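In what follows, a single structure is set out as structure tokens and then discussed.
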Amino acid sequence: MLIIRVHLGSFILVVGFFSSLSYLLSSIIVQVGESILTQSGLTDFFTTLYQLSLFKLAHWHHTYVLGAFVFGVVLCAPIYLVSKFIIEKYRVHIRMFLKNLEFSKC
């Protein structure tokens, strides 16, 4: 919010929505994080990362945090594409409808 201009009401709405979604998906997120952290082939990798201060500060050694990060990275592109599609449809159809309403001409 501090780097790009975002409407404050939209920001609060989106934070509330995704916080609720995170709560609903918490069991899946923990399972994803646990499956990644318990991979036998990645044990040495995570042991090496755990020795770094940045890794400890990011808390990626916790199942929920790592699972949420992976979940977010995987869903980043689909959410972007769906949002872009919805915004384009809004600009074509809904904005023109709202401009033609009686109370918006005042």
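The values are calculated or read from the model by the stated rules, or taken from the named source; none is laboratory data. None of the values given here were measured: they were computed from a predicted structure. Note that each Cβ is placed from the backbone with ideal geometry, even for glycine, and that neighbours are counted across all protein chains shown.
Just a few scattered comments:
- Any hit, segment 63-86, residues being among the charged types (D, E, K, R) and surrounded by 12 or more Cβ atoms within 10 Å (Cβ to Cβ): no
- If you filter segment 36-53 down to residues that are more than 30 Å from Ser83 (Cα to Cα) and touching a Leu at 6+ places or on another chain (Cβ under 7 Å), you find that the one that is modelled with the lowest pLDDT is Phe46.
- Cβ pairs under 7 Å, 6+ apart, first in segment 1-13 and over 16 Å from Ser83 (Cα atoms), second polar (S, T, N, Q) and modelled with pLDDT under 80: none
- Among the residues of segment 36-56, the ones that are surrounded by fewer than 11 Cβ atoms within 10 Å (Cβ to Cβ) and aliphatic (A, V, I, L, M) come to 2 in all.
- Qualifying residue in segment 68-77 (condition: within 25 Å of Ser10 (Cα to Cα), assigned to a helix (DSSP H, G or I) and of a type in the set (Phe, Trp, Tyr)): yes
- Each residue in segment 15-35 was checked for being at pLDDT 90 or above, part of a helix (DSSP H, G or I) and surrounded by 11 or more Cβ atoms within 10 Å (Cβ to Cβ), and 10 of them qualify.
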